[in-house]
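First the structure, in the form of structure tokens, and then the observations on it.
The values are calculated or read from the model by the stated rules, or taken from the named source; none is laboratory data. Here the structure is a predicted model, which is why all the values come from computation and not from measurement. Note that each Cβ is placed from the backbone with ideal geometry, even for glycine, and that neighbours are counted across all protein chains shown. The area values use the complete protein model at the heavy-atom level, side chains included, leaving out ligands, DNA and RNA. Shrake-Rupley method; radii C 1.70, N 1.55, O 1.52, S 1.80 Å.
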Amino acid sequence: MTALRLGSLFDGIGVFPLAAVRCGIEPIWASEIEKAPISITKRHFPDMAHLGDVTKLDGRDLPPVHIITFGSPCQNYAEEIVMYLENFIFPAY
């Protein structure tokens, strides 16, 4: 059986990838723009691709995953984030 694969948007310090690994899920890529959190995540997940700014991503170019997570300290923007993802990152879905 193929392991589930994870992509993490607004990744921060990689909490979703950490939880995923503990559940047998393989983290494939992450998107984050802050240097300090990226350095932490790279140390823990050196094989995970770091894709940078989410506003510059095109879902058609991303390696396929089964699970997409996202975190944001701006919880009041969650609805706008989902709308952005639906309209610009993954318009075919």
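Remarks
- Phi-derived couplings, Karplus 6.51 cos²θ - 1.76 cosθ + 1.60 at θ = phi - 60°, listed residue by residue for the stretch 25-35: 9, 8, x, 9, 8, 9, 10, 7, 10, 7, 5 Hz, with x used for Gly and Pro.
- Against the rule of thumb 2.2 N^0.38 Å, how large the Cα Rg of the stretch 1-55 comes out: 1.05
- Residues with amide H under 5 Å from that of Phe70, placed H, sequence gap 5 or more: Leu9
- Solvent exposure ordering (accessible area, 1.4 Å, most first) of Glu26, Glu32: Glu26, Glu32
- Karplus-based coupling profile of the stretch 61-69, in residue order and whole Hz: 9, 7, x, x, 9, 8, 10, 10, 10, with θ = phi - 60° in 6.51 cos²θ - 1.76 cosθ + 1.60 and x standing for Gly or Pro.
- Label zone at His50, where the point sits 7 Å out along the Cα-to-Cβ direction: the stretch 1-15 residues whose backbone N lies under 13 Å: 11-14
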